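As structure tokens, the structure follows; a few thoughts come after it.
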């Protein structure tokens, strides 16, 4: 009898703890406009295209991998919590006007990417579609690309720390704890820069902890280089 009472008490405690955690999450999780900072994610386009070609050599990877050369392109502007992030904050999401999509193609070359980023991340910003993408454009303007990466003519083998240091040098106010380099099994894939809601550089320990841990990565050249 005592054993059953103990089990019941443990189960009740676990339920209460789980319910309390869920309630704490529910007060904030996925509420539009309720977040701490942004991450501007810059994708190294040549890596994306190389990986897409390896997965499906006979299939087009989309506009980003066409004849026009791209280096770093905007993957997205992501609202973040100090730990974790919101996503899909409005289902269905507010309609995204085609004119807004067209206006962003210079920074985000694939229309499908723009729609997906709005649905998953933009709806969590608390902004209208136009204001969100205007904010993404302003955020991109804040971050200067190191000159050695703008028109890369040959494949470059680098360490994640070297890429991070180059961005820190090119962007006064940016610190190593406010940027993270992401990679796949062999290539640099993204650089993620943390920005406050008013688009100033800021630290972000949770993002920095999830950075690439490989000793070296390859940056494929810009097409046409």
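The values are calculated or read from the model by the stated rules, or taken from the named source; none is laboratory data. No experiment lies behind these values; they were computed from the predicted model shown. Reconstructed Cβ throughout: ideal geometry from the backbone, glycine too, with neighbour counts over all protein chains shown.
State which residue is nearest to residue 195 (Cα to Cα) when the search covers only the stretch 64-89 and only residues that are surrounded by fewer than 19 Cβ atoms within 10 Å (Cβ to Cβ) and over 19 Å from the mean Cα position of the chain (by Cα).
The residue in question is 69.
For the stretch 195-211, name all the residues that are part of a loop (DSSP other than H, G, I, E, B) and at pLDDT below 95.
210, 211
Identify, by number, the condition in (1) touching a residue at least 40 places away in the same chain (Cβ under 8 Å); (2) more than 14 Å from residue 77 (Cα to Cα); (3) not in a strand (DSSP E or B) that residue 157 doesn't meet.
(3)
If residue 106 meets every condition in (1) closer than 27 Å to residue 65 by Cβ; (2) in contact with a helix residue (DSSP H, G or I) (Cβ under 8 Å, 6 or more places away or on another chain); (3) part of a loop (DSSP other than H, G, I, E, B) apart from one, which number is that one?
(2)
Go through the stretch 137-154 and report how many residues are farther than 14 Å from residue 42 by Cβ, under 20 Å from the mean Cα position of the chain (by Cα) and not in a helix (DSSP H, G or I).
The number of residues fulfilling the criteria is 0.
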